[in-house]
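Just below is one structure, and these are the notes that go with it.
Values quoted throughout were computed directly from the atomic coordinates according to the rules given, and no laboratory measurement underlies them. For clarity, every value in this text was computed on a predicted model and none was experimentally measured. All Cβ positions, glycine included, derive from the backbone under ideal geometry; neighbour counts span all protein chains shown.
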Amino acid sequence: MTLKLCGFAVSNYYNKLKIQLLEKQVEFDEDLVWVNPVDPSVYLRSPMGKVPFLETPLGCLSESAVCAEFIEQTYAQVPLLPSDAFAAAKVRELIVYLETHIELVARELYGQAFFGGQTSEATQARVRKQLAKGVEGFSKLAKFSPYVAGDHFTLADCAAIVHLPVVSMATKLVLGEDMLAALPVKAYGKQMAERTSVQKVNADRKVNAEQMAARYAKPVL
């Protein structure tokens, strides 16, 4: 069964799924789908017009967490979740903390950090407060020994390697402080950059960032 990963390679969530597919050695195609504006036909495949989404022979799936679970259950030959139910739940817990309490919060800074927008002082103060709480919670769960969840590369790493560097950069640029400074983000990123999957994703991301800059006539991220 051939999958098609739809979206664009500047998206963290697109790259999270792409790393997962590459690590699991799943054959897949890519379909470049832009948003802003959203082509009306995209709503037939992704009800909210969001990317990434997956096209499968059974139909389309949207939301990266749903897509990741489908990939994991369908292609079990290279598991990225522990077989033990509790250990698997702890990996999912890390992802929720990372994406809900860190990335989603920091996303309010991306417009100013990367695209020339402005973030109000009130928003910055709120983001700083929420991020401090989220990072504190995440730091209690993350192991970085050497991977986020412990000894083995898991789905948590697929998410962490695409989210953590961006959050670190955005907070430093907008808030004047790296809100992830207490975490070993740089050392972790250097280690992860040795993986073939991450090298592929980073190279494709750079190319897509140039395409995006040309499309929207804005600075390359």
Let me check I've understood the local charge: for V78, count other residues with C-beta under 11 angstrom from its C-beta, Lys and Arg +1, Asp and Glu -1. What total comes out?
-1
Output the antiparallel fraction of DSSP beta bridges having both residues in the chain, as a percent to the nearest 5.
60 percent
Determine which residues of segment 50-88 fall in the zone a paramagnetic label at V38 would reach in this model, i.e. backbone nitrogen under 20 Å from the point 7 Å along Cα→Cβ.
50-56, 59-68
If the cut-off is a Cα-Cα distance under 19 Å, which aspartates and glutamates reach K50, setting aside same-chain residues fewer than 8 apart in sequence?
D29, E30, D31, D39, E63, E69, E99, E103, E108
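Grab the other residues whose beta carbon is less than 11 angstrom from that of E108, score K and R as +1, D and E as -1, and report the net. Mind dumping the intermediate values first?
Details: positive: R107, R126, R128; negative: E103.
Charge balance near E108 sits at +2.
Holding the Cα-Cα limit at 19 Å, pick out from K90/K140; K24/K143; K133/K190; K16/K206; K16/K190 the pairs that are longer than that. Working shown, then result.
Working: K90/K140 12 Å; K24/K143 22 Å; K133/K190 26 Å; K16/K206 15 Å; K16/K190 17 Å.
Beyond 19 Å between Cα atoms: K24/K143; K133/K190.
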Going by average Cβ density within 10 Å per residue, which order do the peptides 4-15, 198-209, 44-55 take, highest to lowest?
4-15, 44-55, 198-209
Provide L180, L109 in ascending order of the number of other Cβ atoms located within 10 Å of each residue's Cβ, fewest first.
L180, L109
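Using only the Cα atoms of the chain, build the gyration tensor, take square roots of its eigenvalues as a ≥ b ≥ c, and label the shape rounded, prolate or oblate: rounded if a/c is under 1.5, else prolate if a/b is larger than b/c, else oblate.
Working: a/c = 1.64, a/b = 1.08, b/c = 1.52.
In terms of gyration-tensor shape, oblate.
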Kirkwood Rh for segment 3-74 from C-alpha pairs, in Å, is 12.0 Å
Diffing segment 119-124: the Karplus 3J(HN,Hα) column from phi (6.51, -1.76, 1.60, θ = phi - 60°), in whole Hz with x for Gly and Pro, holds 10, 5, 5, 5, 5, 4
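Taking the Cα centre of the chain as origin and charging only Cβ (+1 Lys, Arg; -1 Asp, Glu), how large is the dipole, in debye to the nearest 20? Don't skip to the end; give the middle numbers.
On the way: 24 positive and 24 negative charges, 113 e Å.
Approximately 540 debye in magnitude.
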Can you work out ³J(HN,Hα) from phi for every residue in segment 171-186, in order, using Karplus 6.51 cos²θ - 1.76 cosθ + 1.60 and θ = phi - 60°, giving whole Hz and x for Gly and Pro?
5, 5, 6, 9, 8, x, 8, 6, 5, 9, 4, 7, 9, x, 5, 5
Contact order relative to length for segment 85-216, counting C-alpha pairs under 8 Å separated by 6 or more residues, stands in percent at 26 percent
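Give me the extension gain from K190 to F70: residue separation times 0.36 nm, minus the current Cα-Cα distance, reported in nm with one decimal. If you can, show how the numbers build up before the last one.
Values: separation 120, 0.36 × 120 = 43.20 nm, distance 2.91 nm.
Gain in length upon complete extension: 40.3 nm.
So if I place +1 on the C-beta of Lys and Arg and -1 on the C-beta of Asp and Glu, and nothing else carries charge, what would the dipole magnitude of segment 54-177 be about its Cα centre? I want it in debye, nearest 20. It would help to have the intermediate numbers written out before the result.
Values: 10 positive and 14 negative charges, 100 e Å.
Dipole about the Cα centre, nearest 20: 480 debye.
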Report the net charge of residues surrounding P47, where surrounding means a beta-carbon distance below 15 angstrom and charges are Lys +1, Arg +1, Asp -1, Glu -1.
-1
